[in-house]
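A short worksheet on the structure shown next.
The values are calculated or read from the model by the stated rules, or taken from the named source; none is laboratory data. All figures in this text were calculated on a predicted structure; none of them were measured in a lab. Glycine gets a Cβ as well: all are built from the backbone with ideal geometry, and neighbour counts include every protein chain shown. The accessibility values were calculated without ligands, DNA or RNA, using every heavy atom of the protein model including side chains. Shrake-Rupley method; radii C 1.70, N 1.55, O 1.52, S 1.80 Å.
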Amino acid sequence: MDYQKLAEMLFPQITKTPEDYEKMYPLRNLPEGAKVTRLGPSPTGFMHLGNLYGAFADERLAHQSGGVFYLRIEDTDDKRYVEGAVETIIHSLDFFGIHFDEGASMDGDKGAYGDYTQSHRGPIYQCFVKKLVSEGKAYPCFLTEEEIGKIREQQEAEKKTPGIYGAYAVCRNWTIEQIQEAIDAGKPYVIRLKSDGHPAEEGADGNMHGRRVCVKDAIRGTLDMPENFMDTVILKQTGIPTYHFAHVVDDHLMRTTHVVRGAEWLPSLPIHVELFDKLGFELPTYCHTAQLMKIGEDGNKRKLSKRKDPELSLDYYRSQGYHPAAVREYLLTILNSNYEEWRMANPDADIDEFAFTTEKMSNSGALFDLNKLNDVSKDTLLRIPATELAEWLHSWSQEFAPEYEYVFRDMDLLTQILDLGREDRKPRKDLIYARQIMTFIGYFFDESFEIEDEYPEEAAADRKNILQAYLDSYDHNDDQENWFNKIREIAVDQGYAAKPKDYKKNPEEYKGHVGHVSTVIRIALMGRSQSPDVWMIQQIMGENKVRARIEAELNR
């Protein structure tokens, strides 16, 4: 077989050589040890937590080594393409503070190693497929879907591994005349890798024996796997490459040093190893991350599901308004096992000071816990200045919840509200995510104020008497001690114990205690039986609003 002639016959339009592309995409001029990583999402319209999980690992590996982190759009599967999905990808990643040095962006490609969208790189892939064909390492296959189906039925009957390989790869040894005849007849074809592998065979000892490949994974250590023996499709009938081939060519030409991807790609690793080998490319360092798991209703771990778990989608965190710093903090707790210990020892340190390593990444299921994220978020928001938090909430609201426009009319007021209790000796941790914050601080604003809780049973009958006495004695200039002494006097006048312990000791002598009286006032002002310090809240609300709230409740 004249393979060079075959290559020219299949790809007459391809005039560039692999050497041309090697010159076009030279080795990067980076410091020794610098890592080049990439995120390669598919534009399916669904950005999930796994994308973000991998992106944080990619970003840390590249940036703390002085390397490059880039975004590549992997859209070779045109059946899954969703209009507008690329914009969704870029917006979602930007929301969570993922910033790329190179790659696709809203303003076009940035960087010297593009085009960064795979569907735009057709001639590059075809050039390298042509190279494999010219070397007898790939061939055109004219099998129809129907013929492949019959082969599969035969393999199942013979209890053989399904696929196109060995004797089942019927086009593998066609002559150039047979190929030309099929092309002239208009038969569609794909290009398949001509694998050198062989399926494992059962030995005399009853065990399966075959050649294996060993790959050093930066997370999982040495992986020992059966070699690939499938004649995998590398170029589809449309001339578009499969993911297997495209990522090998791109990772080489874009000079990727570390590939972070999910464990679901482990079965494909032998194919990728063979492709790198046949193309003469150096294998990058693979980092196969653990799958994201959660505790199911039955108490057992299970994979996060697109159908069952809304928290798998990044849209969930954006629409709920989780601050990117909180999500980043939380993901690092499940990415590196020593992160929480580091954070406890360095409570005020910048997160980028943490030394991220693949060695501390789990190679089993990484457990995702929404409650834990909420706890981490409480601590994270406490470290963000109130002015900065107010601005972030405003930008979030403009995109996701414009109905809260009234909250942002007075940014100084909002800053005071957000700072409430944060400087206490034991700081309050009331703030979790934007929608929860809007609800939590809602009582400050007439547009969202409502009486949510029932008045305490012990004081419900005296509600109006208590509120009238409070209104009559109220002086906005009272300090906290004088203010509470007045409430204590009202309690005693109305037949309540001045101290809870007195009521507990002799309940028959009192209607209730001062706590029940203060709860009446709290509910009239905030609509809730639980809130931060009432005196502090009143100082922020101002005298007019305090009086208006009490009067409204007296008239209800």
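Values for this structure:
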{"item": "Amide H contacts under 5 Å for residue 192, placed H, 5+ residues apart", "result": "139, 141, 234"}
{"item": "Separation between Cα centres of segment 480-556 and segment 146-168, rounded to whole Å", "result": "80"}
{"item": "Sites residue 135 and residue 263 - FRET efficiency at Förster radius 35 Å, r taken between beta-carbons, to 0.05", "result": "0.60"}
{"item": "Heavy-atom surface of the chain, accessible at 1.4 Å and reported per residue (Å²)", "result": "49"}
{"item": "Of all accessible heavy-atom area on segment 146-237, the percent that carbon and sulfur account for (1.4 Å)", "result": "50"}
{"item": "Sparse-neighbourhood loop sites, GluC sites (Glu not before Pro) in segment 1-72 - DSSP loop, at most 10 other Cβ within 10 angstrom", "result": "32"}
{"item": "Pairwise FRET efficiency - residue 449 versus residue 115, Cβ, R0 = 56 Å, nearest 0.05", "result": "0.55"}
{"item": "Full-extension gain in nm, residue 19 to residue 367, via 0.36 nm per residue minus C-alpha separation", "result": "120.7 nm"}
{"item": "Accessible carbon and sulfur surface of segment 271-387 relative to its total accessible area, %, 1.4 Å", "result": "46"}
{"item": "Long-range HN-HN contacts of residue 497 with modeled amide H, under 5 Å", "result": "511, 512, 513, 514"}
{"item": "Three semi-axes of the equivalent ellipsoid, segment 284-365, Cα gyration tensor, whole Å, largest first", "result": "24, 18, 13"}
{"item": "For segment 510-517, Karplus couplings with θ = phi - 60° (6.51, -1.76, 1.60), whole Hz, Gly/Pro x", "result": "10, 6, x, 10, 4, x, 5, 5"}
{"item": "22 Å tail of the calculated P(r), segment 457-556, as % of Cα pairs", "result": "24"}
{"item": "Residue-wise HN-Hα coupling along segment 544-551, computed from phi with Karplus coefficients 6.51, -1.76, 1.60 (Hz; x: Gly, Pro)", "result": "4, 5, 4, 5, 5, 5, 5, 5"}
{"item": "FRET E, pair residue 147, residue 78, Förster distance 25 Å, beta-carbon r, rounded to 0.05", "result": "0.60"}
{"item": "Length gained when the stretch residue 8-residue 509 is fully extended (0.36 nm per residue, less Cα-Cα span)", "result": "170.0 nm"}
{"item": "Label-to-label distance, nm, for residues given as residue 342 and residue 360 (7 Å Cα→Cβ offset)", "result": "0.4"}
{"item": "Percent breakdown of C-alpha pair distances by 10 Å bin, ordered from the shortest bin, for segment 1-150", "result": "10, 29, 29, 22, 9, 0"}
{"item": "Calculated log₁₀ intensity ratio I(q)/I(0) where the Debye formula runs over C-alpha points of the chain, q = 0.06, 0.12 Å⁻¹", "result": "-0.47, -1.19"}
{"item": "Cα-only radius of gyration and Dmax that characterise segment 286-420, units Å", "result": "17.2, 51"}
{"item": "Ratio of Rg to Rh over segment 240-314 (Cα coordinates, Kirkwood Rh, two decimals)", "result": "1.12"}
{"item": "Interchain or long-range residues, amide H under 5 Å from residue 217's placed H", "result": "222, 223"}
{"item": "Estimated distance in nm for a label pair at residue 177 and residue 429, the labels positioned 7 Å out from Cα along Cα-to-Cβ", "result": "8.0"}
{"item": "Cross-link reach list, lysines versus residue 372, counting only Cα pairs under 17 Å and skipping chain neighbours closer than eight places", "result": "294, 301, 429"}
{"item": "For segment 275-282, Karplus couplings with θ = phi - 60° (6.51, -1.76, 1.60), whole Hz, Gly/Pro x", "result": "5, 4, 5, 5, 7, x, 9, 6"}
